[in-house]
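Asker: Dropping the structure in here first, questions after.
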């Protein structure tokens, strides 16, 4: 089954480009560390998922690029083509001239309806190229105007046009100390709207990735390209093919469906975080060896202590004692309670790994059976030159604090009515803001009382 | 890609405008080596085929044939505009973009606004329409004028009004040069306050400039160059100090160098809209992020660094200095000290080899010494443009919506009241058709209201912060 990616706004397009580059590089990599046959299946599965073949032979990304101003898309298209290894379809993009001005209302209420037909036509075309459509992966940031506002509108349109398809929104959470002054308003409006039409929101926080670049990747002058490459690596480690049903089974044909099934048991809880291990500069890879127990021990602690990365983990945090009254107030502070977790393992000796520690019931709420709350996908085929790598996609309280912080700041600004005139100008009224605040306070409350 | 049109009004407006077009051409020439008419160029220039004699059709792609500025030059005297048309920029403008008269406005806002406004209204509208028709997607009008005289102030604000009526969807950014205390035009307070009312009501964003600040900055640059402290590392032909292409050589006040600074301001403001970068900042984003309430749209600007550095790979220390300077009082383009006043919002547009980590590091470093309003504690808007200005490896434009504009307005009001109380020179104004005493009282009232809004904000500074309580959800 194939996934159609929709890249929205400057961020969505810049990150999307890095993702396809990463997938392609991994495909061509000779460090698969597995049998030729295994590698072949992996490559076939990856191609089916993300690329279609053109007559000219090279892989063409299954993607639609959307932006309300032309510079980024034209850059993205030419960078991909220049790589010589893959490209975008030269017709699968839509742009306008004047941008959305960081205004969610402009993206949602003006550009959305105006360009709905053109954009959905492009999506339809890409969907038709798939033998079987596995769903949509939309990429956007919350802070600006196009990715956020138009992104929310397009997600709604996708839901209306493809009611039975899976929609996964990849959302970039902006730096806490602004990139955009009205980013908190835009974020609140985006999240509340996405919550209604999307199946799940997979979040990457700029602050977290920035720290990874600084501390783990040792990059001195971190650029957005660096940040986007780390994000792409993390996404690749989740979405490259795996055998969800264990050794000897086929590569999964339905990654989005499998993801939703594993992680989203209840529509009130849709916010997913992503962590991976190990993460290091490429030139250090040759000098490092890892053991699965070591990696998984760190990954598990990253989960329960809500760590940003594999350094600086708080090892003091422990799961609560299991007992008859595991009421939320008895849970120790800072412990990250999970609803469901998914661990993806790639590389050497993957099938002999013991994942018992992730199935510990004390990590989870009591709603699901422990065996339903935890899933593992594996492949012996190594990813992106890492001999062993593990990724964690978690539906837990990882994003509770950031969410609460964004809503708090937005509310603070809303109380003074600052900038509201910029939104009402395009048809988003105070009432719409209040609705969004209510939706998100509900989500916060739900995640808090896990 | 969108287009912008520059409307330069009056002597000051046209002199600054002239510097702007010169620098814009230079900037694009430095970036655009192949001579292809690209989208970046089209934001300010048309490309026309002059072979068919005179006004040929616009050429949208391919080689540059003849560039014409998207501009309107308006002056009620002929001196300045004639000089421009005889100078090196003569081919960039054509006669259809000019509106001139002979007798000037006599430093009288009423003459500019009411008399000439009425007289030239149709002509101006027609020319504006023509200019707009040549634009594929017109996003912004830049008005350049001074506040203290008659034409720039009066006719300039008349045009501002006109733009709102005729092109309501297009942004109006106004660069206004405010008179200093020792201004030799006695009636400049009247003209400025009358113009302020128009700016309050009809502009989207105003970038106030004071000649005193420009003068001080130019002196600083000259001192640096002459002191030899920086030795051979200083290039003398940066766009900031460049005098080549200007009509005059030496003047009593270094107006050309001063005007260069304002021209650079406009170039940098639009750089992220014209050129690529990892975090674009378009003009509509500037208005969106920096104007929290419609009337509070006055932005204090600063440009750093002021000198060129010879080596391109600058160690981070120098880079950080650029950020520090952007917030210092002597780099602001008006007499103001943003550090000791209250920030409502702040934008940083960086050009050149600067990455997001440099931005973040400096924001973290400088934040503690700045006061932000309670509802916008992290009120930063940032932009990264990859193309540096000519002669520099990087540069920074800081735009602040800060209560430090207040003193400028208060002083203006005081100077106004001094004259108004004595009814000095009022008859010159009241004798103009359409001018009444109420124009004056309304104008000063509008200014007082604005000052009051800033006062109220200042009152919240440093006070105890009680965040409003959040919505409660029934569990």
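Asker: If we count other beta carbons within 10 Å of each Cβ, what is the order of A:78, A:83, fewest first?
Answerer: In order of increasing Cβ crowding within 10 Å: A:78, A:83.
Asker: Give me the percent of DSSP beta bridges within the protein assembly as shown that run antiparallel, rounded to the nearest 5. Could you put the intermediate results ahead of the total?
Answerer: Details: 41 of 113 bridges.
Among the beta bridges of the protein assembly as shown, antiparallel pairing accounts for roughly 35 percent.
Asker: In nm, what is the difference between 0.36 nm times the number of residues separating residue B:386 and residue B:31 and their Cα-Cα distance? The partial results should precede the final answer.
Answerer: Values: separation 355, 0.36 × 355 = 127.80 nm, distance 1.14 nm.
Here the segment from residue B:386 to residue B:31 would lengthen by 126.7 nm.
Asker: Given contacts defined as C-alpha pairs under 8 Å and at least six residues apart, what's the relative contact order of chain B, whole-number percent?
Answerer: 16
Asker: If you stretched the chain out fully between residue A:424 and residue A:44, how much longer would it get, using 0.36 nm times the residue separation minus the C-alpha to C-alpha distance?
Answerer: 131.8 nm
Asker: Right, next: Antiparallel DSSP bridges in chain B: what percent, to the nearest 5?
Answerer: 40
Asker: How much mean residue ellipticity at 222 nm does chain B get from its helices, if each DSSP H run of length 4 or more adds -39500 (n - 2.57) and you divide by all residues, to the nearest 500 deg cm²/dmol?
Answerer: -12500 deg cm²/dmol
Asker: Please find, in a Gaussian network model of chain A (springs between Cα atoms separated by less than 10 Å), the residue of A:105, A:418, A:80 whose mean-square fluctuation is greatest.
Answerer: A:418
Asker: Using a Gaussian network model on chain A with a 10 Å cutoff between Cα atoms, which of A:369, A:186, A:228 fluctuates the most?
Answerer: Of A:369, A:186, A:228, the most mobile in the Gaussian network model is A:369.
Asker: Normalising by the residue count of segment A:2-272, find the relative contact order in percent from Cα pairs under 8 Å and 6+ residues apart.
Answerer: Normalised by residue count, the contact order of segment A:2-272 is 22 percent.
Asker: Oh, and also: Output the antiparallel fraction of DSSP beta bridges having both residues in segment A:2-272, as a percent to the nearest 5.
Answerer: Expressed as a percentage, antiparallel bridges in segment A:2-272 total about 10.
Asker: Using the basic label-point model (7 angstrom from Cα toward the beta carbon), what is the residue B:340 to residue A:283 distance in nanometres?
Answerer: 5.0
Asker: Using a 10 angstrom cutoff on alpha carbons, build the Gaussian network for chain A and name the most mobile of A:149, A:57, A:176.
Answerer: For chain A, modelled as a Gaussian network with Cα springs under 10 Å, the answer is A:57.
Asker: Oh, and also: Between residue B:422 and residue B:469, what is the spin-label point distance in nm, taking each point 7 Å from the Cα along the Cα→C-beta axis?
Answerer: Once both label points are built, they end up 5.9 nm from each other.
Asker: With N set to the residue count of segment A:2-272, report its C-alpha Rg divided by 2.2 N^0.38 Å to two decimal places.
Answerer: 0.96
Asker: Please arrange A:352, B:441 by counting, for each residue, the other beta carbons lying within 10 Å of its beta carbon, fewest first.
Answerer: If I rank by nearby Cβ atoms, fewest first, I get A:352, B:441.
Asker: Something else: For peptide A:240-250, how many partner chain Cβ atoms fall within 10 Å of a residue's Cβ, on average? Walk me through the numbers on the way to the answer.
Answerer: Values: counts 0, 0, 0, 0, 0, 0, 0, 0, 0, 0, 0.
The shielding value for this peptide is 0.
Asker: Using label points projected 7 Å from each Cα along Cα→Cβ, tell me how many nm separate residue B:134 and residue B:369, to one decimal.
Answerer: Between residue B:134 and residue B:369, the label points sit 4.7 nm apart.
Asker: Tell me whether chain B comes out rounded, prolate or oblate; compute the Cα gyration tensor, take square roots of the eigenvalues as a ≥ b ≥ c, and use a/c under 1.5 as the rounded threshold.
Answerer: Rounded, because the longest to shortest axis ratio a/c is under 1.5.
Asker: On average, how many beta carbons from a partner chain sit within 10 Å of the beta carbon of a residue in A:417-425?
Answerer: Whole-number average of other-chain Cβ neighbours for A:417-425 is 4.
Asker: Still on this structure: Kirkwood Rh, segment B:408-460, all Cα pairs: how many Å?
Answerer: 12.3
Asker: Got the relative contact order for segment A:69-114 handy, in percent, Cα pairs under 8 Å and 6 or more residues apart?
Answerer: Once divided by the residue count of segment A:69-114, the mean separation gives 36 percent.
Asker: Rank the residues B:358, B:75, A:314 as a footprinting-exposure proxy: fewest other Cβ atoms within 10 Å of their Cβ go first.
Answerer: Numbers: B:358 21, B:75 26, A:314 12.
The order, fewest Cβ neighbours first, is A:314, B:358, B:75.
Asker: Residue B:90 to residue B:121: FRET efficiency via 1/(1 + (r/R0)^6), r the Cβ-Cβ distance, R0 35 Å, to the nearest 0.05?
Answerer: Efficiency, rounded to the nearest 0.05: 0.80.
Asker: Going by a ≥ b ≥ c, the root eigenvalues of the Cα gyration tensor, does segment B:126-225 fall in the rounded group (a/c under 1.5), the prolate group (a/b larger than b/c) or the oblate group? Mind showing how you got there, number by number?
Answerer: Working: a/c = 2.72, a/b = 1.55, b/c = 1.75.
Note, shape of segment B:126-225 comes out oblate.
Asker: Taking R0 as 25 Å, what's the FRET efficiency between residue A:37 and residue A:348 from their Cβ-Cβ distance, rounded to 0.05? Don't skip to the answer; put the middle values down first.
Answerer: On the way: r = 17 Å, r/R0 = 0.67.
Efficiency at R0 = 25 Å is approximately 0.90.
Asker: Please average, across the residues of A:218-226, the number of beta carbons from any other chain that are within 10 Å of each residue's own beta carbon, and give a whole number. Could the numbers behind the result be given before it?
Answerer: Details: counts 0, 2, 3, 9, 7, 8, 7, 3, 3.
The per-residue average across the peptide is 5.
Asker: Another question, then. Would you mind computing Rg(Cα) / (2.2 N^0.38 Å) for the protein assembly as shown, counting N as its residues? Write down the numbers at each step before the final one.
Answerer: Working: Rg = 29.9 Å, N = 925, 2.2 N^0.38 = 29.5 Å.
Ratio of Cα Rg to 2.2 N^0.38 Å: 1.01.
Asker: Separate question: Taking 0.36 nm per residue of separation and subtracting the Cα-Cα distance, what length does fully extending residue A:314 through residue A:362 add?
Answerer: Contour length minus the Cα-Cα distance gives 15.5 nm.
Asker: Quick one: grab the alpha carbon gyration tensor of segment A:77-134, order the square roots of its eigenvalues as a ≥ b ≥ c, and give me rounded if a/c is under 1.5, else prolate or oblate depending on whether a/b is larger than b/c. Kindly include the intermediate steps, with their values, before the conclusion.
Answerer: Numbers: a/c = 2.88, a/b = 1.41, b/c = 2.05.
Oblate, because a/c is 1.5 or more while a/b does not exceed b/c.
Asker: For n ≥ 4 DSSP H runs only, could you compute -39500 (n - 2.57) per run for chain A, divide by its residues and tell me the 222 nm figure to the nearest 500?
Answerer: -12500 deg cm²/dmol, from helical runs alone.
No lab work stands behind these numbers, since they all come straight from the coordinates. Since we're looking at a predicted model, the values are computed, not measured. All Cβ positions, even for glycine, are placed from backbone atoms using ideal geometry, and neighbour counts span all protein chains on display.
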